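Everything on this sheet refers to the single structure shown next.
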Amino acid sequence: MAIRERMSGNEAMAVAMKQINPDVVAAFPITPSTEVPQYFSTFVADGVVDTEFVAVESEHSALSACVGAQAAGGRAMTATSANGLALMWEILYIAACSRLPIVMACVNRTLSGPLNIHNDHSDSMGARDSGWIQLYSENNQEAYDNMLMANRIGEHPDVMLPVMVCQDGFITSHAIENLELLEDDKVKAFVGEYNPKEYLLNKENPISVGPLDLQAHCFEHKRQQAQAMMNAKKVILEVSAEFAKLTGRSYGLFEEYMTEDADVCMVVLNSTAGTAKYVVDQYRAAGKKVGLIKPRVFRPFPVDELTAALSKFKAIAVMDKADSFNAAGGPLFTEITSAMFGKGVVAPKVINYIYGLGGRDVRSGDLEIVFNKLLEIASTGKVDSVYNYLGVRE
């Protein structure tokens with residue numbers, strides 16, 4: 001029987017890590033992810049886990065220690081946010097190209113500057129092309145569940161890639177919510193042991209990790225890395241299906257909410273999806289055909305599935321809690337429109353809203369503005385502005 005609990009998103013992630021009991025956790029504190037290693041360190045101190053906890057002097061060192069531990073044959077995990085993720089930048093790419101399935105709790109926070117400790121997605125979106133699988137979490141339950149699935153996904157022999165589990169800083173990381181925990185023995189059985197085929201401490205089959213890789217082989221290794229990311233989509237669905245049988249909680253590549261007969265649709269990540277669902281319910285009660293799609297998996301990007309789901313709408317608003325500063329649109333918007341163009345999907349009108357930067361509150365009234373604009377576009381077929389900002393003082 002599942003264990004009903006009340007805890008913050010950070011504690012939920014730390015409890016998932018405790019139940020997994022990794023070989024090594026290396027971390028350096030940074031708001032708002034500090035509580036994840038802080039909670040976990042108490043489990044270490046109390047002897048609840050036998051993990052080696054490495055308190056390092058920087059986030060660069062934290063991920064470097066995880067790379068060393070994972071390359072040696074261990075299971076390694078870490079947590080960070082914003083500037084901490086930026087300080088890991090060099091090692092993000094090294095972990096991915098070395099095919100080391102490290103799991104990171106990424107508690108989304110604005111990437112400086114200006115200095116700001118509140119939520120947007122500029123940190124993980126900036127790392128979107130580093131070769132890490134990225135899972136996004138609407139609430140504390142989803143953050144916990146994604147953490148439990150992350151090792152299974154990354155460690156699959158057809159994948160062998162690091163996994164970043166994202167949730168919104170303060171909004172879910174520090175908010176107390178009801179959730180259901182699995183029993184420890186069920187988690188251990190589901191996650192299993194990490195038994196890599198190749199690792200540094202295997203004296204029977206000595207290897208090198210991170211060697212100089214020049215023109216003769218680098219391109220082929222990058223191609224293999226890209227193939228692993230392609231393979232990850234199938235593995236994510238398989239692991240999610242197995243998790244659903246265990247828990248009754250079903251996760252796909254994205255969630256569709258009230259989309260069956262919708263004329264217009266909003267696409268939004270993480271906690272704002274909860275507010276958007278409330279607005280969808282209000283509009284549905286008023287007889288307005290609106291819907292929502294909440295991506296869970298951003299890397300690998302579900303091109304085929306997402307374009308098929310979006311092709312049926314008259315108008316779509318893609319919401320970005322990060323700006324690409326490209327004078328064209330945010331990262332989620334450009335990914336979606338590129339995918340739709342590549343698949344020949346030309347019917348829907350697609351607009352973009354940048355919102356919530358630096359932790360700016362996003363209220364239901366703000367999302368009503370977006371839905372009203374979509375309904376207007378669906379009615380008139382006219383788009384006056386594609387690249388928009390929501391809730392900013394112009």
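So the values come out like this:
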quantity	calculated
Test: residue 272 is over 17 Å from the mean Cα position of the chain (by Cα), under 29 Å from residue 369 (Cα atoms), at pLDDT 95 or above and not acidic (Asp, Glu)	no
Criterion violated by residue 167 - all others in (1) part of a loop (DSSP other than H, G, I, E, B); (2) closer than 28 Å to residue 226 by Cβ; (3) touching a Ser or Thr at 6+ places or on another chain (Cβ under 8 Å) satisfied	(1)
Pairs, first within 12 Å of residue 386 (Cβ to Cβ) in segment 306-335, second assigned to a loop (DSSP other than H, G, I, E, B) and of a type in the set (A, V, I, L, M, F, W, C), C-beta under 9 Å, six or more apart	315/383; 317/268; 318/268; 328/386; 329/386; 330/322; 333/386; 334/328
Residues of segment 199-256 satisfying the condition of being surrounded by 15 or more Cβ atoms within 10 Å (Cβ to Cβ) and of a type in the set (Gly, Ala, Ser)	228, 232, 240, 252
Residue list for segment 322-335, restricted to those being out of contact with any helix residue (DSSP H, G or I) (no Cβ under 7 Å at 6 or more places or on another chain) and closer than 21 Å to residue 297 by Cβ	329, 330, 332, 333, 334, 335
Residue that is of a type in the set (Phe, Trp, Tyr) and more than 23 Å from the chain's Cα centre (by Cα), where the choices are 325, 341, 333	341
Residue ID - surrounded by the fewest Cβ atoms within 10 Å (Cβ to Cβ), chosen from residues in segment 170-182 that are in a strand (DSSP E or B) and touching a Phe, Trp or Tyr at 6+ places or on another chain (Cβ under 8 Å)	181
Within segment 247-261, tally of residues that are free of Cβ contacts under 8 Å to residues at least 40 places away in the same chain, closer than 29 Å to residue 185 by Cβ and over 17 Å from the mean Cα position of the chain (by Cα)	1
Unique match (being at pLDDT 95 or above and assigned to a strand (DSSP E or B)) among 135, 111, 115, 100	135
Search result, residues across segment 80-99 that are β-branched (Val, Ile, Thr) and in contact with a Cys (Cβ under 9 Å, 6 or more places away or on another chain)	80, 91
Contacts under 6 angstrom Cβ, first residue in segment 20-43 being in the same structural domain as residue 117 (by TED's automatic domain parsing) and more than 11 Å from residue 84 (Cβ to Cβ), partner assigned to a loop (DSSP other than H, G, I, E, B) and among the polar types (S, T, N, Q), 6 or more apart	22/51; 25/51
Among residues of segment 336-347, those that are touching a residue at least 40 places away in the same chain (Cβ under 8 Å) and in a loop (DSSP other than H, G, I, E, B), counted	1
Selection within segment 349-394 - touching a residue at least 40 places away in the same chain (Cβ under 8 Å), in contact with a Leu (Cβ under 7 Å, 6 or more places away or on another chain) and assigned to a helix (DSSP H, G or I)	370
Exclusive hit being on the phi > 0 side of the Ramachandran plot and of a type outside the set (A, V, I, L, M, F, W, C), set 248, 291, 274	248
Failed item, numbered, when residue 192 is tested on (1) at pLDDT 95 or above; (2) on the phi < 0 side of the Ramachandran plot; (3) small (Gly, Ala, Ser)	(2)
Among residues of segment 327-366, those that are of a type in the set (A, V, I, L, M, F, W, C) and either in the same structural domain as residue 122 (by TED's automatic domain parsing) or farther than 18 Å from residue 314 by Cβ (or both), counted	7
Selection count, segment 35-61, where residues are in contact with a helix residue (DSSP H, G or I) (Cβ under 8 Å, 6 or more places away or on another chain), crowded, with 16+ Cβ neighbours inside 10 Å and not aromatic (Phe, Trp, Tyr)	9
Exclusive hit being modelled with pLDDT of 95 or more and surrounded by fewer than 24 Cβ atoms within 10 Å (Cβ to Cβ), set 123, 129	129
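The values are calculated or read from the model by the stated rules, or taken from the named source; none is laboratory data. Owing to the predicted nature of the structure, the values given are computational and were not obtained by experimental measurement. Please note: Cβ atoms are built from the backbone with ideal geometry, for glycine as well, and neighbour counts cover all protein chains shown.
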